[in-house]
Amino acid sequence: MQYDAPVTTTQFNTFLTATNLTDSTTAAISTLLALDTATTVDLASWDGVNALQIPTGQTGTTDVITGTIAGARGDLVTLNVTAEVAAAKAIILDSQANLNVNITPTIATDAAADVSSLARVAVSADASATTQFLLTTGTGDDVIIVNGNQNNFIDAGAGNDTIITGNGNNTIIAGAGNNNVITGSGNDTIVLSGVNHADVVNAGAGYDVVQLDGSVSNYTFTAGNNFNVNLTGAQTASITGAEFLTFVNTTTSAVETVVLAQNDTEATALRMFEGILGRDADLGGAQAFAGLANSGASLTDIANSFLNSSEFATTSSAAPISSLYTELLGRAADAGGLANWQAVVANGGTLADVAAGLAVSTEAQALDQSNGDFVRDLYTSALGRAADQGGLDSWVSQLFNGASRAEVAQGIVGSQEAAAKADSDFIDGLYQSAIGRAADAGGKAAWSGLLAGGGTHADVAIGIVGSPEAVAHNDNVIVLHGAV
């Protein structure tokens, strides 16, 4: 790339568009160099051997270096990294040769741009980290060593690459070759692109994320004996030192996660994401609950954290609220109404409050439902059975004598029988989410008996989620083993 100074951002963007870089890497470069707001770019061309070629008239510090390194496929080219080269924020290289790059960037570490979210990254190990140095290479079998503690963004392109970094929070995009990635003590995000190849990753200390293409079901996991895991399937990967794996469907962009627990205590806590919430762990939640487990928090406290969360309240209330809509309003719940009532429950309200609210709503009153039908519908929704004659007569009598429908709704939905049905539904939900099947009669009776005898929902959750059957069913928590 040869221009006279000043080089405009328009000219530079035209150059980026013409490269073989992915859109995400181009976007990362644009963000790091503030191309959306800057009018010019201080750049230099480089052949990897000789001094930088700086546009005539340019006096500022070089921000970005571009270069096509000569050499055929299989040639080894060791780059002559001078102080001028090491001072750049971004280095964009292209070559078919095998590049040997050993650089210690000297760029300033203030006011750096956050580009991690613009890479091909589904979940960043540290979304708040700002990238301070960016390097891309070509299609050869490159050896890339980036020293120092700055946060790097490295896109190694295709080829069988070796990538080694220091202790910053790094984003590494390894291409479709057989790659060897070694990072330091930062919170690193390592993307292993493509399928049908083999990668070796040592993510070092820190909380590290490794991303692979495909679905969890495309892989077989084997835990080693040195806090490592081997994956075989869509691609082969040997991963040491990572704590979190993400799997991205390249067609739908759907993301699945697997937590690599460092011990059984962590694993027991982390399985509650699937067992109680019915989903994979998110990165922040995995870090938080692993930290609680390792700091000595009891399983009861951890289980209660899940059970008392607004997320659990929201998801677990969807079915009973929908049932109240069906019975009291004669229709399915609309999305907005369902969300509003779920928010009430998530913020400490009860299903009895929801029933009372629906019972006296303008829509319910417009239906002009008889007292008898009103009570019968509440029995169906809250108790899961038809109203017995005695109960029906009692509630209708209360309505006749001045009780409001809101009061009757609260009485039925807040009754001990309704609570027992809610307990039954809770057990059924745990069996489905934690074990993947309906509760058997014997198991359900045992857990119902525990609750009736004074046990808590946390006791039941710990027992079901931690059962051997649930542990075997869970595919999003893997326990790593230390050296033996």
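Read the figures in this text as sums done on the coordinates, not as results from a lab. Quick caveat, the model's predicted, so the values are computed rather than measured. All Cβ positions, glycine included, derive from the backbone under ideal geometry; neighbour counts span all protein chains shown.
The figures follow:
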{"read-out": "Neighbour net charge for PHE426 - beta-carbon separation under 13 angstrom, K R +1, D E -1", "value": "-2"}
{"read-out": "Calculated log₁₀ intensity ratio I(q)/I(0) where the Debye formula runs over C-alpha points of the chain, q = 0.08, 0.13 Å⁻¹", "value": "-0.64, -1.10"}
{"read-out": "Value of Rg/Rh across segment 391-484 [Cα atoms, Kirkwood radius]", "value": "1.23"}
{"read-out": "Segment 1-85 shape via C-alpha gyration tensor axes, a/c threshold 1.5", "value": "oblate"}
{"read-out": "Net charge of neighbours whose Cβ lies under 12 Å from the Cβ of GLY140, counting Lys and Arg as +1 and Asp and Glu as -1", "value": "-4"}
{"read-out": "Value of relative contact order over segment 266-307, rounded to a whole percent, pairs C-alpha under 8 Å and six or more apart", "value": "49 percent"}
{"read-out": "Average Cα contact separation per residue, the chain, under 8 Å, 6 or more apart, as relative contact order %", "value": "9 percent"}
{"read-out": "Ratio Rg/Rh, restricted to segment 7-261 and using Cα atoms, in which Rh is the Kirkwood radius", "value": "0.97"}
{"read-out": "Packing rank of 305-315, 96-106, where each peptide gets the mean count of other beta carbons within 10 Å, highest leading", "value": "96-106, 305-315"}
{"read-out": "Isotropic mean projected area of the C-alpha convex hull, segment 309-484 (nm²)", "value": "13.1 nm²"}
{"read-out": "Cα-based helix-to-principal-axis angle, 310-324 vs the chain, degrees rounded to 10", "value": "40 degrees"}
{"read-out": "Sorted peptide list for 343-351, 226-234, criterion being average Cβ within 10 angstrom, highest first", "value": "226-234, 343-351"}
{"read-out": "Among beta bridges that DSSP assigns inside the chain, antiparallel share in %, nearest 5", "value": "25 percent"}
{"read-out": "Global geometry of segment 157-225, whether rounded, prolate or oblate, following the gyration tensor of its Cα atoms and the 1.5 cut on a/c", "value": "oblate"}
{"read-out": "Residues SER215 and THR40, FRET efficiency given R0 of 35 Å [Cβ-Cβ distance, rounded to 0.05]", "value": "0.15"}
{"read-out": "Intensity falloff of segment 266-307 expressed as log10 I(q)/I(0), Debye formula with alpha-carbon point scatterers, at q = 0.21 Å⁻¹", "value": "-0.55"}
{"read-out": "Helix-only mean residue ellipticity at 222 nm for the chain, each DSSP H run of n ≥ 4 adding -39500 (n - 2.57), per residue, nearest 500", "value": "-10000 deg cm²/dmol"}
{"read-out": "Mean Cβ count within 10 Å, highest first, over the residues of peptides 196-208, 241-253", "value": "196-208, 241-253"}
{"read-out": "Inter-label distance for THR104 and GLU469, nm, one decimal - labels placed 7 Å from Cα along Cα-to-Cβ", "value": "6.1 nm"}
